[in-house]
Amino acid sequence: MRQSAATRVTIATVPAGATVKLAGAELGSTPYELAVKGKTEIVLDLPGHAIQTVQVDPAGDPNLVVNLVPLPPFR
């Protein structure tokens, strides 16, 4: 059986600089290029913003842009 080639997906966030995590391991920060062979779940973490879990699909858009949601200020 032949292995399918990995597809490169560029992950960007607004604002930029979020940490990209895969299975708990930190890969780098956005914008980040990830090679995926199948649907892959990643976590995006930026201080002051809600942590977001995103599914990366190699059959989808090769340029994934995620708008991060700011956390409310502490009072």
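The values are calculated or read from the model by the stated rules, or taken from the named source; none is laboratory data. Model, not experiment: these values are computed from the prediction. Here the Cβ is made from the backbone with ideal geometry for all residues, glycine too, and neighbour counts use every protein chain on show. In case anyone asks, the SASA skips ligands and DNA or RNA and just uses the protein heavy atoms, side chains included. Shrake-Rupley method; radii C 1.70, N 1.55, O 1.52, S 1.80 Å.
Would you check which residues across segment 18-38 are surrounded by 12 or more Cβ atoms within 10 Å (Cβ to Cβ) and not in a strand (DSSP E or B) and list them? Across segment 18-38, the qualifying residues are Ala18, Thr30, Pro31.
Scanning segment 39-49 for residues that are assigned to a loop (DSSP other than H, G, I, E, B), open to solvent by 30 Å² or more (accessible area, probe 1.4 Å) and not basic (Lys, Arg) yields Pro47, Gly48. Hey, any hits in segment 61-73 for a residue that's hydrophobic (A, V, I, L, M, F, W, C), open to solvent by 60 Å² or more (accessible area, probe 1.4 Å), assigned to a strand (DSSP E or B) and free of Cβ contacts under 8 Å to residues at least 60 places away in the same chain? Checked against the condition, which is being hydrophobic (A, V, I, L, M, F, W, C), open to solvent by 60 Å² or more (accessible area, probe 1.4 Å), assigned to a strand (DSSP E or B) and free of Cβ contacts under 8 Å to residues at least 60 places away in the same chain, segment 61-73 yields at least one hit.
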